[in-house]
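Take a look at the structure below.
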Amino acid sequence: MSKGTILSGMRPTGRLHIGHLSVLENWARLQDEYRCYFMIADLHSLTTKFDDTAELPNDTRQMVLDWLSVGIDPVKSAVFVQSAVREHAELHLYFSMNTPLSWLERCPTYKDQLVQFEKQGKDITTYGFLGYPLLQAADILIYLADTVPVGEDQLPHIELTREVARRFNFLYKTDLFPEPQALLGRFPLVPGVDGRKMSKSYGNDIAISASTDEVKKRVNAMITDPERVRREDPGHPEVCIVHKYQEIYNNEMLEYVQKACRGAERGCVACKKELLEIVEEMLAPIRERRARYEKSSYEDLRQYILNAREYLSGQGSLQSDDNGTERVPEAVVDRFKKFTGTRREKNYLREIGQYIIDDYMAGVFDENDVCDVVDAKMDLVNLILIKGSQRARLTARNTIKKVRDAMNLRY
Ligand code: SF4
């Protein structure tokens, strides 16, 4: 049975916080069941931050590092930047021609957000902001995605996507677009350490990539029961942020935590210490993976590409493996036994190197592109995004071709 297709994404907001973890872990699980496209939605961030783009490249990089460190695997899934696949914009334009304005105006988030931004002194009554749910529809449908993992607040947008698909199919007498289904996830709402919504801008977040010291500082700053002045005062866990975290991350011990708190059998210091250990245990492997991606083995990869090119220019062809797939020959691979890192990392580097060589051989990358990759000293994250965007573009181009055919746009 062929796999279903998933499209999901996030606006590039820089380092993510632990409130995002459950969504990312869900994505990581879905990778084995679906063909996944994970998008850095930079065009969407322009709908509200069109006048503030200086941090976009760094925010993109930091967010992708978080994705990778939580387990998004760029070999299994296409990890790409939305604006690098221009077909999203093209499909959005075609949809904008036949989508009634009222469909967009009735999106429940539209008016709410206009008011919210107005309170912050920002006017976002732009064409782009009104149309962003339609851009989302284009993001999903360009990959013919049949499944979209979302939270409940996004359901109206999926319904709009279904209507857009239906209308296109009806108008142009085609069955090109599927009507995607929402894959509803319920993720715990992790509060900020001061009890408000967790947000970087409030300074109350715990970043996925936070160091031990940063986590410690945040846990120590958590607001507990204000009525519990002395250790022997009985506590009220229901008003305590540490308890809220225990509920999310230490649920099996929750009954004990509540009882010990109410009976003044444990102090808040011990309670925070325990929570710190739990959060640390959760973040330590993620932090470790992030550091490895951050350093990246650029030199290894560069050598791989250079040597593979050298080999290819001499020998002229790739060798087919048992499945008939053309690979860089073992003779070349053997020269990279000295790759640093785990076996999985080595394999991954080879995969990326292989992709670049494959694209070079297929004419997707020309000589200059390969030189750019090699000479610009791009790190692993850049290479992953280049590769992911190319992979996404191949599918997107194919869909656009069919859309244009259906619309009789032949020239
Ligand atoms: S003992 Fe724990 S749950 Fe009770 S108030 Fe202190 S930190 Fe909160």
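The values are calculated or read from the model by the stated rules, or taken from the named source; none is laboratory data. This is a predicted model, so every value here is computed, not measured. With ideal geometry, Cβ positions are generated from the backbone for all residues, glycine too; neighbour counts draw on all protein chains shown. Just so you know, the surface numbers come from the protein's heavy atoms only, side chains and all, with ligands and any DNA or RNA stripped out. Shrake-Rupley method; radii C 1.70, N 1.55, O 1.52, S 1.80 Å.
Averaged over residues, the count of other Cβ atoms within 10 Å places the peptides 40-49, 121-130, 181-190, 157-166 in the sequence 40-49, 157-166, 181-190, 121-130, highest first.
Normalised by residue number, the volume inside the convex hull of the Cα atoms of the stretch 200-295 is 98 Å³ per residue.
Averaging Cα coordinates gives a centre for the stretch 195-236 and one for the stretch 69-104; these two points are 37 Å apart. Rolled with a 1.4 Å probe across the full set of protein chains, the surface gives S209 an accessible area near 10 Å².
For every other residue with a beta carbon closer than 15 angstrom to the beta carbon of E252, add +1 if it is Lys or Arg and -1 if Asp or Glu, then tell me the sum. Value of the local net charge: -4. Our Cα-only numbers for the stretch 4-184 put the radius of gyration and Dmax at 16.2, 46 Å.
Applied to the stretch 277-289, the Karplus parametrisation 6.51 cos²θ - 1.76 cosθ + 1.60 on θ = phi - 60° returns per-residue 3J(HN,Hα) values of 4, 5, 5, 4, 4, 6, 8, 4, x, 5, 4, 5, 5 Hz, with x for Gly and Pro. Peptides 69-78, 213-222 ordered by packing proxy, namely the average of other Cβ atoms within 10 Å per residue, highest first: 69-78, 213-222. Principal semi-axes of the equivalent ellipsoid, √(5λ) from the alpha carbon gyration tensor of the stretch 4-111, are 25, 18, 14 Å from largest down. What percent do you get for the relative contact order of the stretch 4-184 when only Cα pairs under 8 Å and 6+ apart count? Computed over the stretch 4-184, the figure is 25 percent.
For the stretch 23-119, the list of chymotrypsin sites (Phe, Trp or Tyr not before Pro) that fall in a loop by DSSP and count at most 12 other C-beta atoms within 10 angstrom reads F50. Couplings 3J(HN,Hα) of the stretch 393-404, computed from phi: 5, 4, 5, 4, 4, 4, 5, 4, 4, 5, 4, 5 Hz, in residue order, whole Hz [Karplus 6.51 cos²θ - 1.76 cosθ + 1.60, θ = phi - 60°; x for Gly and Pro].
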